[in-house]
Every structure is written in C-alpha cells, then in structure tokens.
1. Does Asp105 satisfy being among the acidic types (Asp, Glu), modelled with pLDDT of 60 or more and more than 22 Å from Cys139 (Cβ to Cβ)?
2. Just one of Gly203, Gly241 is out of contact with any Phe, Trp or Tyr (no Cβ under 8 Å at 6 or more places or on another chain), free of Cβ contacts under 8 Å to residues at least 24 places away in the same chain and not assigned by TED's automatic domain parsing to the domain that holds Pro126; which is it?
3. Which members of the range 100-148 meet the condition of being more than 30 Å from Asp283 (Cα to Cα) and acidic (Asp, Glu)?
4. Among Gly141, Gly124, which is the only one that is surrounded by 15 or more Cβ atoms within 10 Å (Cβ to Cβ) and modelled with pLDDT under 95?
5. Look through Arg273, Arg288 and report the one residue that is modelled with pLDDT under 95 and among the basic types (Lys, Arg).
6. Test each condition in (1) out of contact with any Ser or Thr (no Cβ under 7 Å at 6 or more places or on another chain); (2) outside any strand (DSSP E or B); (3) at pLDDT below 90; (4) buried (at least 18 other Cβ atoms within 10 Å of the Cβ) for Asn50 and report the one that comes out false.
7. State all residues of the range 169-208 that are under 15 Å from Asn265 (Cα atoms), of a type in the set (A, V, I, L, M, F, W, C) and in a strand (DSSP E or B); if no residue qualifies, say none.
8. Can Gly274 be described as closer than 21 Å to Pro199 by Cβ, in a strand (DSSP E or B) and of a type in the set (Gly, Ala, Ser)?
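The values are calculated or read from the model by the stated rules, or taken from the named source; none is laboratory data. Since we're looking at a predicted model, the values are computed, not measured. Counting neighbours? That spans all protein chains shown, and the Cβs are built from the backbone with ideal geometry, glycine included.
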Amino acid sequence: MSFPLSKQVQSAAIAGATAKSALWRGTILAGLAFAMQGCSIGKISWVGLNDRNTPHLSIGCGAQAGSSGCQIGKPIQAMIGGVGECTMLRIHWGDGQFTDVVNRDLGNYPSQPRYVFESHTYAGWPGLKRVTVEGITNCAGTASADFMLVRELSPTDRRTDFTLGFGQPTATTCTPVPNMPPLRPNTAVSITTNTALPPTNYGCVLGGCIHDEDGKTGSSAPANFPFPGFREYSLVLRVGGDAFQGGKNTSFTTRRAGALEICVNDAVLSDNRGAWGLMIVVDERAAR
C-alpha cells in the first residue's frame, strides 16, 4: 500500500536531484578543463650546443663529427627544441649552475620549431660536460647534450686538461689546486704525470728513497706517515676528506664535494727535492 508524497517531500527530492545533477556537471566540466589544460602542456625534446660565434651546430660544442669543443670564458649557446608553450623550463649547465627560462613557445619541433636560445659562460675546470634541460611548470620532458670544454681553441692548443707544476718541498702535506672551484660528488677525475721529470729525492741516507709519483713499490706506509696504508713517498689525492691513491696514471670518482688537494705521503717534507708535473682531466657528466 503506497501513500502520496507531501509537497514538502516532493520539493526536497527534486532539490536533491538538481543538486546531484549540478555536482556531476561540475565534475565533468572540471575534468574537461583539466584535459584541455593537459593538452596545452609544452614538451622539451631536443637541445644542442654551440659557440655563439659558430653558425652551424655541426661544428659546435657537441659530440658531432668535426666538433672541436668550446672554450672556457666564451659564451656558449644552448638551442632548445620542443612542442607547445612552457611556463618554466630549467637548464642545468653541467657545472653546478642552472638557468630558469619562463613563458616560452617551443613551436613544433622539428617541422615548425621556435627554438629557445640561452647562453652561459663557463669558468673553472675544462673537460666533458653535460647540459640537461627539464620542464618545471606546465612543461614536460627532458633533453641533454654532452660537449667538450677546452682551454684554448687555437690550432696548437685544444687541451682538455688542467696542468699543474708541483714543486717540493711543500709547507703542508696537502695543497689545494689553486684558483679552481671545488669538485662535485660523482665527478670522474683522471691524473697523469710528466714522466720526463726526474724522480723526487725524499732525503733518505745515501739517496735510499728516490721515487716517482707511484712511490715505493709494494710498500704500505706506517702510522707516522700522513696516509698510513697508502704507498710510501707517493702522490695521494684528497677531495672532501676522502683520500685516493695516486701515481703516474690515476683515476677515481669523487664521493663528496670539495677542493682537489695534491698530497705527498711522506713523514718529513722539508728534506724533499724534486717536482711533479700533473695533467688533470675532469669529467662532470655524471656529477651532481
């Protein structure tokens, strides 16, 4: 047996249905708006690098055939391609610095690109670098490019290493490489030496300890040496408190940030006579 609903109940039911319908419409419209907004998100897809004085990327800084690298102290240009408008994108220059770029239309790479151009001048260590571009706000995707930073671009000097003459005796066990920035964690370092230089005389009686950068073969320094367990009278490298055994040909990866220090593993520095010639190569592509 059923009873007719009162007018008040009928009105409440109609109002509830209307409110529910309005809620669904609002949800649908919000979803459509989000979807439309998502469609307008820009996307980064490519980055190239060149010297601003070089007209073609094929002979620019990147890993392309014919590339000679780009020079420290000269503006280097990043050329960024992608699709749509980016509210903010970030360029990591590969030396610990970054640039935020806002409100740029990337066009439609590669058919109708509107490249974003930004420049950066490098100082510090030569060697391999990796530039990475990432979307930050209303912008998706990443792109990266590797390039070589060189000391000079002259026909006679395109060196990618940093050279250091290190004379002994030294006042302290460890000496920071002068006028160079700290190394970042996960930086790959390779060091070779000038083998034309004579070995160092470490002042033992009757010349009993004359050694090159490899130090005394098969030795393990005792506790009175600055680096016990490392080879006696050898080159030792230190970064951020971490020590690495050096020699005529050494490679290591930094674990912490810090200045690159050149160290002599000898208990008595004042009687040393000699010099080291060091060629230091720094690869920052994986540094963080």
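1. The answer is no for Asp105.
2. Gly241
3. Within the range 100-148, just Asp105 meets the criteria.
4. Numbers: Gly141 fails: modelled with pLDDT under 95.
Residue meeting the stated conditions: Gly124.
5. Only one candidate passes the filter, namely Arg288.
6. (2)
7. The one that is under 15 Å from Asn265 (Cα atoms), of a type in the set (A, V, I, L, M, F, W, C) and in a strand (DSSP E or B): Cys174.
8. Yes; evaluated as a whole, the condition is true for this residue.
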